Amino acid sequence: MTLGVLAGLAMLFVMFAGFWTDWLWYRSVHYSSVFTTTLGTKIGLFAVFGVLMALAVGTNIWLAHRLRPPLSAMSAEQQSLDRYRMSIAPYKKWVLLAVTALVGLVAGASAAGQWRTWLQWVNGVSFGQKDQQFHKDISFYTFDLPWYRFLLSFGFAAAVLSLIAAALVHYLYGGLRLTSPGGRATAAATGHLSVLLGLFVTLKAVAYWLDRYGLAVKSSGLKSTDGWTGLRYVDANAYLPAKTILFIIALICAVLFFATLWRRTWQLPVIGFGLMVLSAVLIGGLYPAIVQKFQVQPNEQAKEAPYIKKNITATRQAYGIDGSQVQDYAGKSDLKGQDKEKLRAAADSTASIRLLDPNIVSPAFQQEQQVRGFYQFPSTLDVDRYTVGGKEQDTVIGLRELNIKGIPEHNWINDHFKYTHGYGAITAKGTSTDDAGAPEFTEKKLPTEGVLGPYEQRVYYGEKTTQYSIVGGPQKELDHPSDKGEESYSYRGKSGVSLSNPVNRAAYAVAFGEPQILYSGAIGEGSRILYNRTPKERVEAVAPWLTIDGDAYPAVVDGRIQWIVDAYTTSNGYPYASRTTLGDTTADSLTTGQRAVVAQQNQVNYIRNSVKATVDAYDGKVTLYQWDTKDPVLKTWMKAFPGTVKAKSEIGSALMDHLRYPQDLFKVQRELLTRYHVTDPGTFYTGSERWQVPDDPTNKDGNAVPPYYLSMKMPDQKQAAFSLTTTFTPKNRPNLGAFMAVDANAKSSDYGKIRILKLPSETTVWGPEQAQSKFNGETAVADQINIWKKGDSEVEYGNLLTVPLEGGLLYVEPVYLRGAGTNYPLLKKVLVNYGDKIVFKNTLGEALDEIFGGAGKEPGTQPPSGGTQPPSTENPTVKQAVKDAQDAFQAGQKALGDQDWTAYGKAQKDLKDALDRLAKAEVNVPGSSRRPGS
């Protein structure tokens, strides 16, 4: 008994530990109201619906027992059940209690999972907009209908369970007889079961009525289009009247069941139920099929046109793409007869072309700025804007975060007390590199110094910080290495949960499965435990009703590193709006588990970037700001959780400088715009203007090309703006179909404005994959890359940027070289295409000069004497270096085949010497315009 008591107490403490640590964490981040509201709602729903289910089932079991017939003249069938009755008799109350408790617990647990549905229903805010079929406010479908459906499903469950339980009790006590001669049921059993069947049929009538409104949010297929949502012709003209007729039939059938209380016969209810089933088959199934086959299919386009129009209108509204501007764009890029000087000047003013690809240069950041193995940068860096010398500049930024795997010696103290934080933000110019092709850092070293000025550099919260740390106590932390050795530090922030209390220590020891937390001498007065440290999980925890963007990015704001997290409100109940799957729509060639969208519901048909959130990298403070002030879904959640979201007016100017249009929303919108840029129902139906997002030509995985942040100017803009851009190709075609950009600058009056340049259908402007193929097939390009590869170097293509320029399209792609024995890439060449002309030069300036200045010259040819181009392969020094490299490569291959390792080593040395001479000749050629930062 003692062991049993101790085991029970241990189980209770484990349950308490989980609850207590959750409460302490929410209190530490000052969002305890989220915890109490969520927990209170779950408990309330659990209790109410658990009790209701228990009462429903328990009452019917009690009533069935109460209505049992006398057992004085039992049949043989009933005599065989006598032993079961006798075994149950002494424990009737306990059996009743156990059964009702079990169904109550299951029903309560199910209801507790509907806490979001309940809060949205009870706090729902009107959209101020009505659907196109039933003319009800959109809020009815997003907030009310889901709750009504839950109540209906609960009612069905209660009726079915009560019916089963009552029938079993009636059978056990003789109210129902299956094999005995005479009546199969007593009058009391007949009346009882008929009432339960009547309730079930009544609920079915309610279901038919709600199904009418459900047609507006029903997903279905339509010939020549992807699955879409809303009523079609057959729904409006067959299913809708059928549901109304079935509703009336079900009500009549329910009345017949209730009438059995007086008539004591099953004849009429059975007939009525049979009629309802037959009607469901004929009216609800066969009739719509006939309408679809003989009315719709012969003239589907005309029949469906009004409903397609409603779908187009609702979908564009639900995804915020109804304001997108589509303008025709010639796409003609013929250089002949054009003012090339004007084009060259326009190339500089139209876009600040980013050569530093944040998806490739992370190893360079790691090599140049890591300092120690226990620091790391993310594999994909971020693009932001910083003002340098009074001018806004596109900047690549990454935080030097803690790398727990790089700790020299792993033990509990080192992992959780000594190594606790990263240090510093590293930035580099996005539009240039140094002479060697490495990033041109504008904030560097450890501690960092540069353009960011003084700021709190310690990074306790970051994307890579997934382990817990215990700080602020007797055990000192490693702050950062320095010339004098290791600098120590003790955390001074108010973040985390205090471990001074022995109850807290015991709770965390249990919750984390780490008993040393309970008794370790490294924990004492002032010790605090930090956990839930990634920006996305912190925002998701304090605002569980939000969907979190996959790319949190850092910014230095007012002397602090702030993680900026975009968050969305979503719904799956916007009438007539087509659904999309967030996980699929937001995936591209750069999506990883770290950058995947965190969604509360994967299928949505309404989305808004309603919240901008920040997470302080030092103290973990989470702040939510209202961004979309008109979104009724956010207003509903703000009613449910008052005080959790700050007003948009409280966003400071310094933070506003770094807010941008979010990538995941943009990817959702671009996927929808492959179809919904078309507003004519006939064209939409035929699919002749369908687009697709092309595959990333620089990535072998075959996934969609990612959108790129870029400061650029669209044709109707007066100056370049920070934008998020993408390209489209026609469905199943490689040529370019359209170019899309959205103003991503949060301070701009045009923020969020989508501009689409639609190319004429008859043009054959290169799409991204074609441009990449043309680049690779260019002789000068192929020769140079083959030389690099022969030297065991690895060529990496950067982001293929597309820029509209004076009626044409300019493609720019940086080319990186990861040399043999080098573990990070350097920018070596820039590919540029305009029209049919391709150039491959050392710098962007040289490439643009060649495109617009060297009219009629083939790529790779020697410019006139005194020009600014680097030497071609006709330069004697270069020519000899190329020959020596080829000879050394062939000698190495022969030595490798002969397994002559001495000869192979000599060949590799000769190859390196030839490549060094080639690189030196390219940089030091007389007349070259190459300069630092070019």
Inset, instruction - Could you please find all residues in segment 390-424 being under 31 Å from the mean Cα position of the chain (by Cα) and among the β-branched types (V, I, T)? - result: T395, V396, I397, I404, T420
Inset, instruction - Output yes when any residue across segment 621-637 is in contact (Cβ under 8 Å) with a residue 12 or more places away in the chain, farther than 23 Å from S653 by Cα and of a type in the set (S, T, Y), and no when none is. - result: yes
Legend entry - Yes/no for L634 being out of contact with any helix residue (DSSP H, G or I) (no Cβ under 7 Å at 6 or more places or on another chain), under 29 Å from Y574 (Cα atoms) and not in a strand (DSSP E or B): yes
Inset, instruction - Could you tell me whether any residue of segment 431-439 is within 30 Å of W20 (Cβ to Cβ) and either surrounded by 21 or more Cβ atoms within 10 Å (Cβ to Cβ) or of a type in the set (A, V, I, L, M) (or both)? - result: no
Inset, instruction - Report yes if some residue within segment 751-765 is touching a residue at least 60 places away in the same chain (Cβ under 8 Å), closer than 25 Å to K700 by Cα and over 29 Å from the mean Cα position of the chain (by Cα); otherwise report no. - result: yes
Inset, instruction - Would you mind stating whether L231 is closer than 30 Å to Y568 by Cβ, more than 27 Å from the chain's Cα centre (by Cα) and part of a loop (DSSP other than H, G, I, E, B)? - result: yes
Inset, instruction - Answer yes if at least one residue in segment 419-428 is surrounded by fewer than 21 Cβ atoms within 10 Å (Cβ to Cβ) and touching a residue at least 24 places away in the same chain (Cβ under 8 Å), and no otherwise. - result: no
Inset, instruction - Test L759 against the criterion of being of a type in the set (A, V, I, L, M) and either in contact with a Pro (Cβ under 8 Å, 6 or more places away or on another chain) or within 30 Å of K909 (Cα to Cα) (or both), and give yes or no. - result: no
Legend entry - Entirely in segment 253-366, the helices (runs of 4 or more DSSP H) that have 2 or more residues that are closer than 30 Å to I756 by Cα: 300-318, 340-350
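Rundown of residues vs (1) β-branched (V, I, T); (2) modelled with pLDDT of 90 or more; (3) under 26 Å from Q369 (Cα atoms); (4) assigned to a strand (DSSP E or B), yes/no style:
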residue	(1), (2), (3), (4)
V781	yes, no, no, no
I787	yes, no, no, no
V803	yes, yes, no, yes
Y811	no, yes, no, yes
Y816	no, yes, yes, yes
Y824	no, no, yes, no
V830	yes, yes, yes, yes
T861	yes, no, no, no
Q869	no, no, no, no
Inset, instruction - Could you check segment 459-525 for strands (runs of 3 or more DSSP E) lying wholly inside it with 2 or more residues that are at pLDDT below 95 and under 23 Å from F374 (Cα atoms)? - result: 477-482, 485-489
Inset, instruction - Name the one entry in K747, K700 that is without any contact (Cβ under 8 Å) to a residue 24 or more places away in the chain and either farther than 22 Å from V678 by Cβ or outside any strand (DSSP E or B) (or both). - result: K700
Inset, instruction - Identify all residues within segment 400-413 that are surrounded by fewer than 16 Cβ atoms within 10 Å (Cβ to Cβ) and either free of Cβ contacts under 8 Å to residues at least 12 places away in the same chain or assigned to a strand (DSSP E or B) (or both); write none if there are none. - result: K405, E409, H410, N411
Legend entry - Every residue from segment 371-399 that is crowded, with 22+ Cβ neighbours inside 10 Å and aliphatic (A, V, I, L, M): L381, V383, V396, I397, L399
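Rundown of residues vs (1) farther than 30 Å from R670 by Cβ; (2) among the charged types (D, E, K, R); (3) free of Cβ contacts under 8 Å to residues at least 40 places away in the same chain, yes/no style:
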site	(1), (2), (3)
F247	yes, no, no
L275	yes, no, yes
L282	yes, no, yes
P288	yes, no, no
A302	yes, no, yes
Y307	no, no, no
N311	no, no, no
T315	no, no, no
D322	no, yes, yes
Inset, instruction - Please go through segment 526-549 and pick out each residue that is assigned to a helix (DSSP H, G or I) and either touching a helix residue (DSSP H, G or I) at 6+ places or on another chain (Cβ under 7 Å) or under 18 Å from V471 (Cβ atoms) (or both). - result: R538, V542
Inset, instruction - Out of L673, L710, L659, report the one residue that is surrounded by fewer than 23 Cβ atoms within 10 Å (Cβ to Cβ) and among the aliphatic types (A, V, I, L, M). - result: L659
Inset, instruction - Would you be able to tell me the number of residues in segment 93-126 that are under 17 Å from G155 (Cβ atoms), part of a helix (DSSP H, G or I) and within 28 Å of the chain's Cα centre (by Cα)? - result: 5
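The values are calculated or read from the model by the stated rules, or taken from the named source; none is laboratory data. Bear in mind that the values here come from a model prediction, so they are computed numbers and not experimental data. Every residue, glycine among them, receives a Cβ derived from its backbone with ideal geometry; neighbour counts consider all protein chains shown.
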